[in-house]
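Worksheet for the structure shown next.
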Amino acid sequence: MQQDRHDINRRQFLHRLGLSSASALSMMVFGPLQALALTDKEKKTAKAALAGEGAMTYRRQNGSGEQISLLGFGMMRLPREQEEVDRLVDYAIAHGINYFDTAPMYGGGHNEDVVGQTLSRYPRDKYYIATKMSNQNQALWDFDKAKEMYENSFRKLRVDYIDYYLLHSIGGGGVENLKGRFIDNGLLDFLVKEREAGRIRHLGFSYHGDVSAFDWLLDHNDEYHWDFVQIQMNYLDWRHAGRRGRRGGDADAEYLYGQLEKLGIQAVIMEPIRGGGLANVADEIKDQMTAVHPDDSPATWAFRWVGSHPNVLTALSGMNRMDHLEENIRTFSPLQPCTEAENELLARIADQMAGFPTIDCTTCTYCMPCQYGVDIPGNFAFYNEAVTSKMLPLPEPAAADYAERQEAFIKAYRAAIPAEKRATTCVDCGQCLSKCPQQIRIPNQMSRIVELTRKKRR
Ligand code: SF4
Ligand code: SF4
């Protein structure tokens, strides 16, 4: 993979703007650094970033020429305190991040408000905002209700245009659901007109699930002229998207990315580290990485792999902790593309990981709440951690250390998950199934966890 010839760093970006000094950009774009909610140390690194040292990598959006930071800020999970959100956003903007992704359904319906509040402290032309039509619930397929959701986004985000607008999470229910949500009710035609009117700058969709919906929308590209498409892509899902425990249907990222590249549609990437799963890898995987780059974390490897693909416009990372934000900014400032040897290593690692019995939960919480109280992502996160830390799989019941290992697993499980939230409370109602973008057979996986906590007779 070659680095995109359109990649530029902040120094080149400043030059194109006709600016030559950090203070000029600081004053023009961000206001005086003193006004930001950052510590002195953070202001110092921000000043260095503005001066072009350790500069963020940008990609040019094909149609408009906009320079988009290759690291985008996924705003789905944010700290509770607005002041803490402001601090993260100030640090992100001061270090060159300019793409922020939200949706009406995030944060229990409050995320757009929070995002609007924090970004509206900046001049409107200094950030790009992405939001979505989250009408997955059939009650919102009605045109007027969906239009109300669209209009609310403007109000909550405090904007009069939206830079990147997406049909949210198409794929669940295949083409039939896609047509019900967007085509038969005239909603997509309306959104295309909104783009013509300039209230939407770029129109795209995000995809999970049944690939027939993805294919249908690309087959109709001559009609809709997609400006971008958001896909799940990381070195594991490149060739192993249809792993065990799923209901099937998810296409490999290699196929999705390839289809977009053929049509010249840029990709926005979600789940570059699979909800943290590629940041917290088994020791045997980590050892292979540190043997090559002793100081680079598994997350840095995963981000570098994604960013090395030239048709990627931006890679979204949900960063609700300052240390994660700092590390990710370092990775992308500037991005060092993976070498062929590094790509080969990651492909071998992906083959190994695909054989691990983990559950493909990204902890997105789309399936929550469970009306019976099961903490679905909590149970799956605990199980995955047990696999990664080699607590699981348990040996055969006849093995000498079986009882001891199972006892340790049960003890840790009970300490981590309160009784009313454990897998045992799942009644297999199936209501969570259609909400999971990863197509996980949630009740089946809950049964597996229950089975692990049942003592076997020897
Ligand atoms: S299938 Fe189980 S986990 Fe899913 S909603 Fe029903 S009770 Fe909750
Ligand atoms: S089970 Fe599916 S919907 Fe629920 S948190 Fe995990 S990935 Fe998200």
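Just so it is clear, none of the values below were taken in a lab; they were calculated from the coordinates. None of these values were measured; they are calculated from a predicted model. Please note: Cβ atoms are built from the backbone with ideal geometry, for glycine as well, and neighbour counts cover all protein chains shown.
Given the chain, what percent of its DSSP beta bridges are antiparallel, to the nearest 5? Please report the intermediate quantities before stating the final value.
Details: 6 of 36 bridges.
Percentage antiparallel, nearest 5: 15.
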- line: Within the chain, the cysteines whose Cβ lies no closer than 4.7 Å to any other cysteine Cβ are 338, 361, 364, 370, 426, 429, 436
field: Spread of Cα-to-Cα distances over 5 Å intervals beginning at zero, given as percent, for segment 335-458
entry: 2, 10, 18, 19, 16, 13, 9, 6, 4, 2, 0
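Suppose R0 equals 25 Å; then what is the FRET efficiency for residue 37 and residue 152 from their Cβ-Cβ distance, rounded to the nearest 0.05?
On the way: r = 27 Å, r/R0 = 1.09.
FRET efficiency, residue 37 to residue 152: 0.35.
Which length gain, in nm to one decimal place, applies between residue 252 and residue 415 when the Cα-Cα distance is subtracted from 0.36 nm times their residue separation? Before the final figure, lay out the partial values.
On the way: separation 163, 0.36 × 163 = 58.68 nm, distance 3.66 nm.
Length difference between fully extended and current span is 55.0 nm.
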- prompt: Relative contact order for segment 269-329: what is it in percent, counting Cα pairs under 8 Å that are at least 6 residues apart?
  reply: 42 percent
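Using the structure shown, select from 132/421; 411/455; 179/262; 411/435; 43/286; 47/156 the pairs with a Cα to Cα distance greater than 22 angstrom. Provide the component values of the computation, followed by the final result.
Numbers: 132/421 31 Å; 411/455 12 Å; 179/262 25 Å; 411/435 31 Å; 43/286 33 Å; 47/156 31 Å.
Violating the 22 Å limit, Cα to Cα: 132/421; 179/262; 411/435; 43/286; 47/156.
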statement: Expressed in angstrom and rounded, the centroid-to-centroid distance over alpha carbons for segment 109-159 and segment 258-331 is 27 Å
message: Need the C-alpha centroid separation for segment 71-105 versus segment 377-444, integer Å.
response: 32 Å
Bins of 10 Å from zero: percent of alpha-carbon pairs in segment 273-400: 11, 36, 35, 15, 4, 0
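If contacts are Cα pairs under 8 angstrom and at least 6 residues apart, what is the relative contact order of the chain in percent?
Over the chain, the number comes to 15 percent.
Within the P(r) computed for the chain, what percentage of the Cα pairs occupies the region above 41 Å? Display every interim value, and only then the final one.
Working: 18537 of 104653 pairs.
Of the Cα pairs, 18 percent sit more than 41 Å apart.
So for 308, 69, fewest C-beta neighbours within 10 Å to most, what's the order?
Fewest to most other Cβ atoms nearby, the residues stand as 308, 69.
For n ≥ 4 DSSP H runs only, could you compute -39500 (n - 2.57) per run for the chain, divide by its residues and tell me the 222 nm figure to the nearest 500?
Working: 19 runs with 185 residues, N = 458.
Dividing the helical sum by the residues of the chain leaves -11500 deg cm²/dmol.
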field: Among 388, 303, 204 the positive-end extreme of the charge dipole of the chain (Cβ point charges)
entry: 388
statement: The exposure ranking of 90, 227, 215, fewest beta-carbon neighbours within 10 Å first, is 215, 227, 90
- prompt: What ranking of 47, 262 emerges when the number of other C-beta atoms within 10 Å of each C-beta is taken as an exposure proxy, fewest first?
  reply: 262, 47
message: Once you place label points 7 Å from the Cα toward the Cβ at residue 122 and residue 192, how far apart are they in nm?
response: 3.3 nm
Debye, to nearest 20: dipole size of segment 85-238, +1 on Lys, Arg Cβ, -1 on Asp, Glu Cβ: 640 debye
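In debye to the nearest 20, how big a dipole does segment 318-404 give about its Cα centre with +1 on each Lys and Arg Cβ and -1 on each Asp and Glu Cβ?
Numbers: 4 positive and 13 negative charges, 46 e Å.
It comes to approximately 220 debye.
Where in the chain is the longest stretch that carries no GluC sites (Glu not before Pro) classed as loop by DSSP and with at most 16 other Cβ atoms within 10 Å? Can you show the working numbers first?
Working: sites that count: 53, 81.
Between the exposed loop sites, the longest stretch runs 82-458.
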- request: Assign unit charges at the C-beta atoms only (+1 for Lys and Arg, -1 for Asp and Glu), then state the dipole size of the chain relative to its Cα centre in Debye, rounded to the nearest 20.
  value: 860 debye
